[in-house]
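Novice: Before anything else, here's the structure in question.
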Amino acid sequence: MRPCRRRSCSLTSAPFAVLPAAALLSLASCAGDATTPVEAPSDPDPPPVPAEATAWIERNAIPFEGSHLSLPNSDIGFLRDIVGDARVVSLGENTHGTRDFFEMKARILRFLVEEMGFDAFAIEATWPEANRLDDYVRRGEGDAAELLSGLYFWTWNTESVLEMIEWMRAHNAAGSDLGFYGFDMQYPGMALHNVLEYLAVVDPDRVDAAASRLECLVRVANNPSGRFPETRYADQTADYRAACGTSLGDVRDSLVAHRADYEATGGEDAFALALQSMRVAIQYHLMITGDQSRDQSMAENTVWLHRRLGPESRIVLWAHNFHVSTQPGAQGWYLRSSYGDAMVILGFSHESGTFTGVRQRGSSYFGLDQMVLDAVRPLSYEHHLSTAAAPRYFLDLRNGEVGAAGTAWLSNPRLFRTIGCCYNPDSPSSYWNQHPVAEWYDVLIHYGVTRPTVVLPSRYPDSF
């Protein structure tokens, strides 16, 4: 099969659907969901996990029946104690293509909504496009499968996520008000479109001037299928991007300067959404120039969204393990400074099985495939976690008091598997990294065996 490159490829690998270049999640997702690789040693006779560690895990492991959304809430009632009064629950994933993780995250969302009053859900997807799915889950507007494709990420375009969206719609149809949102900013096309569409309503005389200023980014932005032009914003000169950044700032400043008039004409809510669209476009610019990281922007968008929803709102976040963690520079690291103990972070891990990913060899990418997890590394976190009798369980790492018998394995960094959307089966050891897991997550949800996600055919909206 012809290798595909990040900048232009048609991801094909039977039985999966053809996906656009956008399915590579821009530049960040293959490498950006991992830390610096550490070559794991090969030991034909690995030492056993200390007995006291095995005993502590067995005492603290909380098993559950299964992952499917249709299961009753009764076997995961312990989540009430794990979550407590938290206003934010962040759900990670060890790969972007593990079905059991996705199903369990949907099941946790359902529990938190039905049993604990959570009223908002936000995912690692671009904010304006996710708003269209909010219209669907609240009012049934549009086609769920098409709008899910319209998030541009093959990772979310799966049976499991679509099933969750349909549950959200059914839940709201019964009289609830559960919201669907995104906090990412990797695709500026719809955000730019929204700004100009808004100005056409509240200030038609300024549309042409704004369009002229935004053209520097519009001409290299994605279309409604998530495709970017062959020549992208990152390919432009530093002077071009600097001038464009100034132009983007001018449009934002003009919005703010005319706020009173615009709110009087179109309402406060419409203005807030237009201004946030402009922020998302600027965040994309800052990500490309290296002046602000994607994770910092995602954290900013999460805080903005939560403030917009109000002080009583409780929100569930969905992203990769890396993003939800409190590793310095990750989204969760920024959010911890805002929420403290009012945020609970749940990471996911597994020992064996298969997952969906983009097959990688060197700098070439060969399309979606089903990958096989390599064996757990000696004395890694997964090696310790594999000693529990339960096939799947929760482990509250906050119970691992420093110095307590059996918790020494939690005290220092050790190997932990981290896979994004791409995987090189010739180099499995590069996905094992040294992590202080107990510092980065509050809880781990561990599986002995996991299955791959089922990716759906792409059906994009015709327009923004």
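Novice: Once the dipole of region 189-291 is set up with Lys and Arg at +1 and Asp and Glu at -1 on Cβ about the Cα centre, which of GLY266, VAL195, GLN236 lies farthest towards its positive end?
Specialist: GLN236
Novice: Relative contact order of region 311-455: what whole-number percent is it, with Cα pairs under 8 angstrom and at least 6 residues apart?
Specialist: Dividing the mean separation by the residue count of region 311-455 yields 32 percent.
Novice: Take the Cα radius of gyration of region 189-291 and divide it by 2.2 N^0.38 Å, with N its residue count; two decimals is plenty.
Specialist: Taking the Cα Rg and dividing by 2.2 N^0.38 Å, one obtains 1.06.
Novice: For the ranges 265-274, 291-300, what's the packing order if you count other beta-carbon atoms within 10 Å of each residue, average per peptide, and put the highest first?
Specialist: 291-300, 265-274
Novice: Express the relative contact order of region 112-231 as a whole percentage, based on alpha carbon pairs under 8 Å and six or more residues apart in sequence.
Specialist: About 31 percent, as a whole number.
Novice: For a protection proxy built on the mean count of beta-carbon atoms within 10 angstrom, sort 210-218, 231-239, 405-413 highest first, please.
Specialist: 210-218, 405-413, 231-239
Novice: Taking K and R as +1 and D and E as -1, what net charge do the other residues with C-beta under 13 Å from the C-beta of LEU147 add up to?
Specialist: Surrounding charge for LEU147 is -3.
Novice: While we're on this one: Show me 417-423, 332-338 ranked by packing, highest mean number of other Cβ atoms within 10 Å first.
Specialist: Order by mean packing, descending: 417-423, 332-338.
Novice: May I ask you to derive the relative contact order of the chain, considering only C-alpha pairs under 8 Å and at least 6 residues apart, and to give it as an integer percent?
Specialist: 31 percent
Novice: Mean Kyte-Doolittle hydropathy of 0.5 or higher plus an axial Cα length of 30 Å or more: which whole DSSP H helices in the chain meet both?
Specialist: TM-like helix candidates: 268-289.
Novice: Okay, next question. Report Rg/Rh for the chain, rounded to two decimals, where Rg is the Cα radius of gyration and Rh the Kirkwood radius.
Specialist: 0.97
Novice: Can you sort LEU379, LEU395 so the residue with the fewest Cβ neighbours within 10 Å comes first?
Specialist: Ranked by crowding around the Cβ, least crowded first: LEU379, LEU395.
Novice: Would you mind pulling out the separation of the Cα centroids of region 122-159 and region 365-380, in Å?
Specialist: When both Cα centres are located, 28 Å separates them.
Each reported figure results from applying straightforward, stated rules to the coordinates on display, with no laboratory input. Remember, predicted model here, so these are calculated numbers, not experimental data. Backbone-built Cβ (ideal geometry, glycine too); neighbour counts: all protein chains shown.
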